[in-house]
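Before any comments, here is the structure.
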Amino acid sequence: MADPTLYLFDGDNILHAGGFADRRELRDTLASFVALRGARGILVFDGSGEEAAYGPLDVRFAAHADTLIERLAGENRFKERVCVVSSDATIRETAGRQVQTLTSQTFLGDVAAVKHDERKRSEVGDRVDPATRAALERLRRGLG
């Protein structure tokens, strides 16, 4: 079932709280998180950079990320469910009562890493009993 939540992520705050290698690793983790839930997200960093969309996750930059997150929470809190993720108490307090807030640590504790399961490719020989395998090997060698 799709999660109708708009997640507003304090990028630099979560980056440091989660021990991510870089912004790209954080972005990919959060893009997977919102995509798997059928939600939307906006990841906001301080400073400048290339703004882009990665599936349901938008990446934005602002001179003051906190101000942009507060504004986005205010603009959207009556239209849809909003969740602000930041360990900055000021952002969480000014987001408003209608907005769910989580600290970065709490959020990261709830996020299960999306793991790619690289399994050995399936081959017919793996599913054939030994007697059938021996008979097929005799046919392959022309021993009928």
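Table for the structure above
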quantity: Matching strands (runs of 3 or more DSSP E) fully within segment 3-62 where at least 1 residues are under 10 Å from the mean Cα position of the chain (by Cα) and closer than 20 Å to residue 81 by Cβ; calculated: 40-46, 57-62
quantity: Residue 91 vs. criteria under 22 Å from residue 111 (Cα atoms), part of a helix (DSSP H, G or I) and among the β-branched types (Val, Ile, Thr); calculated: yes
quantity: Boolean, residue 6 is touching an Asp or Glu at 6+ places or on another chain (Cβ under 6 Å), open to solvent by less than 40 Å² (accessible area, probe 1.4 Å) and within 17 Å of residue 98 (Cβ to Cβ); calculated: yes
quantity: Condition check for residue 12: free of Cβ contacts under 8 Å to residues at least 40 places away in the same chain and open to solvent by 20 Å² or more (accessible area, probe 1.4 Å); calculated: no
quantity: First in segment 70-99 and more than 18 Å from residue 43 (Cβ to Cβ), second anywhere and surrounded by fewer than 17 Cβ atoms within 10 Å (Cβ to Cβ) and of a type in the set (Phe, Trp, Tyr), Cβ under 9 Å, 6 or more apart; calculated: 98/78
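The values are calculated or read from the model by the stated rules, or taken from the named source; none is laboratory data. All figures in this text were calculated on a predicted structure; none of them were measured in a lab. A quick note on method: Cβ atoms are made from the backbone with ideal geometry, for glycine too, and the neighbour counts reach across all protein chains shown. The protein model used for the area step is the full one, side chains on, heavy atoms only, and it has no ligands, DNA or RNA in it. Shrake-Rupley method; radii C 1.70, N 1.55, O 1.52, S 1.80 Å.
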